[in-house]
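Asker: I am attaching a structure below and will ask some questions about it afterwards.
The values are calculated or read from the model by the stated rules, or taken from the named source; none is laboratory data. Remember, it's a predicted structure, so these values are computed and weren't measured experimentally. Please note: Cβ atoms are built from the backbone with ideal geometry, for glycine as well, and neighbour counts cover all protein chains shown. Remember, those area values only see protein heavy atoms, side chains included, never the ligands or the DNA or RNA. Shrake-Rupley method; radii C 1.70, N 1.55, O 1.52, S 1.80 Å.
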Amino acid sequence: MTQTAGAKIIDGRHHARQLREALRIKAAGLLAKFGAPPKLTVILVGDDAPSRLYVSNKSKACRDVGIASVVIELPASTGLEALLAVIEEQNRDPSVHGILVQLPLPAHLPVHAVLERISVEKDVDGFHLYNVGSLALGTAVFPPCTPYGVQKLLEAEGIPIAGQNVVVVGASNIVGKPTAMMLMQKDATVCICHAKTRDLAQFTILADILVVAAGKPNLIVPQMVKTGAVVIDVGINRLPNGKVVGDVDFEGVRQKASYITPVPGGVGPMTVTMLLANTITAAQRMWGISETSTGT
Ligand code: GUN
């Protein structure tokens with residue numbers, strides 16, 4: 001990629017608005033045809049403040065495009081059996097197309113046992129073992145929302161993926177690993193770095209596309225970035241002064257990159273939008289319509 005005087009800032013809010021416009025039309029079409037809207041159930045256990053905010057944002061986004069949403073709030077003391085019973089009830093309810101259990105769960109609840117109880121056909125987060133496996137095989141049932149949003153941002157900006165060196169910083173199950181899988185599936189050469197990687201910069205400097213999801217403010221500084229690289233910042237960190245920042249030194253790195261996502265306003269709005277897309281896809285499948293909700 002070419003040298004630039006300053007990166008183009010990728011406006012995630014703009015791309016999310018455009019995608020939501022198309023989703024709104026699809027949701028309205030489903031309502032007209034089947035007499036009911038696509039419906040998402042969100043299960044929130046405990047009172048983690050950021051989770052509460054994320055769940056409220058998801059509900060608002062659903063309303064915005066005409067998806068019905070229900071939030072089931074359970075106390076932090078909820079036991080595994082009680083939580084599984086709630087999930088089973090949602091699995092059986094034919095009016096519910098998507099089910100999401102907000103993470104993190106209270107420490108006493110085994111995350112995988114919970115996620116694996118969600119019906120594969122309603123697992124719009126894409127976190128069920130089956131869906132993780134389908135992603136690894138390149139036939140994702142529901143692509144996980146944040147990696148899906150990253151891919152859509154790259155596509156919307158016309159940034160090529162095939163043959164590019166992609167370095168993903170962060171190996172989480174929610175972001176790092178599935179992002180690596182999805183971009184490898186698009187024929188990128190992918191490297192995953194993580195907390196134990198020695199000399200992170202020797203890897204990041206090779207990236208044509210650098211995706212950072214480590215949860216550490218200012219982890220990526222200009223000397224770690226190749227001139228002309230595309231920098232996608234998935235980090236969301238609240239500083240002691242209340243400011244929300246990503247993992248990348250935005251002001252420094254934007255001088256060197258060709259494209260960069262801001263925080264907030266970059267990947268975040270896309271994550272929620274892809275959840276809406278997956279919920280509409282789930283409804284379409286349940287109603288026997290085979291097209292996908294985002295045209296891919
Ligand atoms: N917590 C942080 N990100 C996510 C997400 O994408 N899905 C769920 N269910 N929980 C989260």
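Asker: Suppose we filter the stretch 213-234 for residues that are in a loop (DSSP other than H, G, I, E, B), touching a helix residue (DSSP H, G or I) at 6+ places or on another chain (Cβ under 9 Å) and open to solvent by less than 60 Å² (accessible area, probe 1.4 Å); how many remain?
Answerer: The total comes to 7.
Asker: Among the residues of the stretch 160-174, which ones are hydrophobic (A, V, I, L, M, F, W, C) and assigned to a loop (DSSP other than H, G, I, E, B)?
Answerer: Ile161, Ala162, Ala171, Ile174
Asker: Just wondering, is there one or more residues in the stretch 175-195 that are buried (at least 16 other Cβ atoms within 10 Å of the Cβ), within 16 Å of the ligand (Cβ to nearest atom) and part of a loop (DSSP other than H, G, I, E, B)?
Answerer: yes
Asker: Then there is this: Looking at Val65 and the list (1) away from the ligand (no atom under 15 Å from the Cβ); (2) of a type in the set (A, V, I, L, M); (3) without any contact (Cβ under 8 Å) to a residue 60 or more places away in the chain, which single condition is not satisfied?
Answerer: (3)
Asker: A further question follows. Which condition from (1) open to solvent by less than 30 Å² (accessible area, probe 1.4 Å); (2) away from the ligand (no atom under 14 Å from the Cβ); (3) out of contact with any Cys (no Cβ under 8 Å at 6 or more places or on another chain) is the one that Val168 breaks?
Answerer: The single condition Val168 does not satisfy is (3).
Asker: Separate question: Just need a number here: residues in the stretch 91-104 that are open to solvent by less than 10 Å² (accessible area, probe 1.4 Å) and either away from the ligand (no atom under 15 Å from the Cβ) or hydroxyl-bearing (Ser, Thr, Tyr) (or both).
Answerer: 2
Asker: Please state which of the following conditions Met286 fails to meet, knowing it meets all the rest: (1) within 22 Å of the chain's Cα centre (by Cα); (2) surrounded by fewer than 21 Cβ atoms within 10 Å (Cβ to Cβ); (3) within 26 Å of Leu40 (Cβ to Cβ).
Answerer: Condition not satisfied by Met286: (1).
Asker: Still on this structure, I have one more. Could you please let me know if Glu88 is touching a residue at least 60 places away in the same chain (Cβ under 8 Å), away from the ligand (no atom under 12 Å from the Cβ) and open to solvent by 40 Å² or more (accessible area, probe 1.4 Å)?
Answerer: no
Asker: If you don't mind, another one. Checking the structure you have, find out if any residue of the stretch 258-271 is modelled with pLDDT of 95 or more, in a helix (DSSP H, G or I) and aliphatic (A, V, I, L, M).
Answerer: Checked against the condition, which is being modelled with pLDDT of 95 or more, in a helix (DSSP H, G or I) and aliphatic (A, V, I, L, M), the stretch 258-271 yields at least one hit.
Asker: I've got another one for you. Out of all the residues in the stretch 105-149, which are closer than 28 Å to Ala76 by Cβ, away from the ligand (no atom under 14 Å from the Cβ) and among the hydroxyl-bearing types (Ser, Thr, Tyr)?
Answerer: Matches in the stretch 105-149: Ser119 only.
Asker: Sticking with this structure for a sec: Sort out which residues of the stretch 124-139 are over 14 Å from Val114 (Cβ atoms), of a type outside the set (A, V, I, L, M) and touching a residue at least 40 places away in the same chain (Cβ under 8 Å), and write them in order of number.
Answerer: Gly126, Gly138 - these are the residues of the stretch 124-139 that are over 14 Å from Val114 (Cβ atoms), of a type outside the set (A, V, I, L, M) and touching a residue at least 40 places away in the same chain (Cβ under 8 Å).
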